[in-house]
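Participant: The structure is given below, and queries will be raised subsequently.
Computed from the coordinates by the stated procedures, all read-outs in this text should not be read as laboratory data. It should be emphasised that the depicted structure is a prediction, and the values quoted were computed from it without experimental measurement. Here the Cβ positions follow ideal geometry from the backbone for every residue, glycine too, while neighbour counts run over all protein chains shown.
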Amino acid sequence: MIIRTRALKIIITGGAGFIGSSLTTPLLNRGDEVIAIDNFNDYYSPARKRANIAPFLNHPRYTLAEVDFRVSESVQQIVRQHKPDAIAHLGGMASVRYSVKYPQLYVDTNINGTVNLLEAAQKNGAGHFVFASTSSVYGQTDQIPFSETQPTDRPLAPYPATKKAAEVLGHAYYNMYSLNFTALRFFNVYGPKGRPDMMPYIVLENILQEQEITLFDNGQMYRDWTYIEDIVSGIIAAIDRPIGYEIINLGRGEPVLMSDFISLAEEIIGKEAIIKIAPAPPSEPKITYAHIAKARELLDYNPRTSIVDGLNNFWRWYQEAVGR
């Protein structure tokens, strides 16, 4: 058990996004100061991101910096001005399939942008760097569940390749500057504020609107859905524990068959899905499945929210936020 002795000053990149804004609430509630960095790009609706952070804008311990962390000078200025205790680097380009179309954008954002933040951290005394990595780095593997010790040098798309590169860069900065660096490999995060390009959102919306849902491999693929509150608890634990260089899985540890996921969504909404069966593209693994013993040991991580409870919570939020 880690006992904090003082409030922290924390920079969150991607601070207006799904995970970044969800992290902000408990940090402010416990007395920390949050500096959110976001460039409000149009990968999905900037208005939705602004709605995510609207409750924080008048908070005395919240600062919004509308900058692009691909611009080194801007990053240096913010980190130099605020002198954070930690940087939670949650921002970046997500989506495996989108990365196939725009690989250079992913290199610029997820690699070059991360280097800018690492440089700013080491030059301005930020002693701890928590990085949002992804379960996609495991690629197509027969080693189940996915363990942090297994090879991750065969990514299936530019997105996981750039996340893997950032993990490796983190080790270089730990080696050169003793910068504590914790890479958290997120597994299929979902919940309130979830992005509209993510499968849970697409499934709910398309069932409701009677639109077709593309289901790969006849639904015989597994995903380790992890509820946002569980992910946030793991991030906070990592922020509070500068432990050198570590890579840690954050998942539920209970993969769900995609056909069962669709059936649960149908039951919650009370409507049948319109399904189109298609072969899985080469960028999609057959399964994601987190081995979370290391997270339990190092972070006291204990995911609590089942897929049934989590998807019901997400559906309630969707009805309120989207107004269907």
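Participant: Sticking to Cα atoms, compute the Rg of region 114-176 to one decimal and its Dmax as the biggest Cα-Cα distance, whole number, in Å.
Facilitator: Both quantities, over Cα of region 114-176: 13.4, 43 Å.
Participant: What is the sum of charges around ASP142, taking Lys and Arg as +1, Asp and Glu as -1, for the other residues whose C-beta is under 14 Å from the C-beta of ASP142?
Facilitator: +2
Participant: Under the Karplus relation 6.51 cos²θ - 1.76 cosθ + 1.60, θ = phi - 60°, what is the ordered set of whole-Hz ³J(HN,Hα) values for region 281-296, x standing for Gly and Pro?
Facilitator: Using θ = phi - 60°, the values come out as x, x, 7, 9, x, 6, 8, 10, 7, 8, 8, 10, 4, 5, 5, 4 Hz.
Participant: Another question, then. What does the highest-first list of 16-22, 194-200, 27-33 look like by mean Cβ count within 10 Å?
Facilitator: By packing density, highest mean first, the sequence is 16-22, 194-200, 27-33.
Participant: Using modelled amide H (1.01 Å from N, peptide plane; none on Pro or chain starts), what sits under 5 Å from the amide H of ILE275, excluding residues fewer than 5 places away?
Facilitator: Hits under the 5 Å cutoff: ILE213.
Participant: Per the Kirkwood treatment, what hydrodynamic radius in Å, one decimal, follows for region 262-324 from the mean inverse distance over all distinct Cα pairs?
Facilitator: One decimal place: 15.2 Å for the Kirkwood radius.
Participant: Within the set of other residues whose C-beta is less than 12 Å from the C-beta of ARG252, count the net charge using Lys and Arg as +1 and Asp and Glu as -1.
Facilitator: -3
Participant: Something else now. Once you have the alpha carbon radius of gyration of the chain, what is it after dividing by 2.2 N^0.38 Å, with N set to its residue count?
Facilitator: 0.96
Participant: Another one. Counting Lys +1, Arg +1, Asp -1, Glu -1, what net charge surrounds TYR227 among other residues with beta carbon under 9 Å of its beta carbon?
Facilitator: Once all neighbours under 9 Å are counted, the net charge is -1.
Participant: Taking +1 at the Cβ of each Lys and Arg and -1 at the Cβ of each Asp and Glu, which of THR182, GLN140, LEU204 sits farthest along the dipole of region 103-218 towards its positive end, judged by Cα position relative to the Cα centre?
Facilitator: Ranked along the dipole, the leading option is THR182.
Participant: Return the tail of the calculated pair distribution for region 1-98, meaning the percent of Cα-Cα pairs more than 17 Å apart.
Facilitator: 50 percent
Participant: While we're here: Can you say what percent of the DSSP beta bridges in the chain, counting only those with both residues inside, are antiparallel? Round to 5.
Facilitator: Antiparallel bridges: around 5 percent, rounded to the nearest 5.
Participant: At a 10 angstrom cut-off on C-beta neighbours, averaged per residue, how do the peptides 180-192, 53-65 rank from highest to lowest?
Facilitator: For the peptides 180-192, 53-65, the packing ranking is 180-192, 53-65.
Participant: Could you tell me which helices of the chain pass both thresholds, a Cα extent of 15 Å or more along their own axis and a mean Kyte-Doolittle hydropathy of at least -1.0, with helices taken as whole DSSP H runs?
Facilitator: Those that pass (Cα extent of 15 Å or more, hydropathy at least -1.0) are 18-29, 72-82, 113-123, 158-177, 228-239, 258-269, 307-322.
Participant: Same structure, new question: Using the Cα atoms of region 168-232 to build a convex hull, what is its mean projected area in square nanometres?
Facilitator: 6.6 nm²
Participant: In cubic angstrom, how much convex hull volume per residue do the alpha carbon atoms of region 187-304 span?
Facilitator: 113 Å³
Participant: Rounding to the nearest 20 debye, state how big the charge dipole of the chain is about its Cα centre with +1 on each Lys and Arg Cβ and -1 on each Asp and Glu Cβ.
Facilitator: 720 debye
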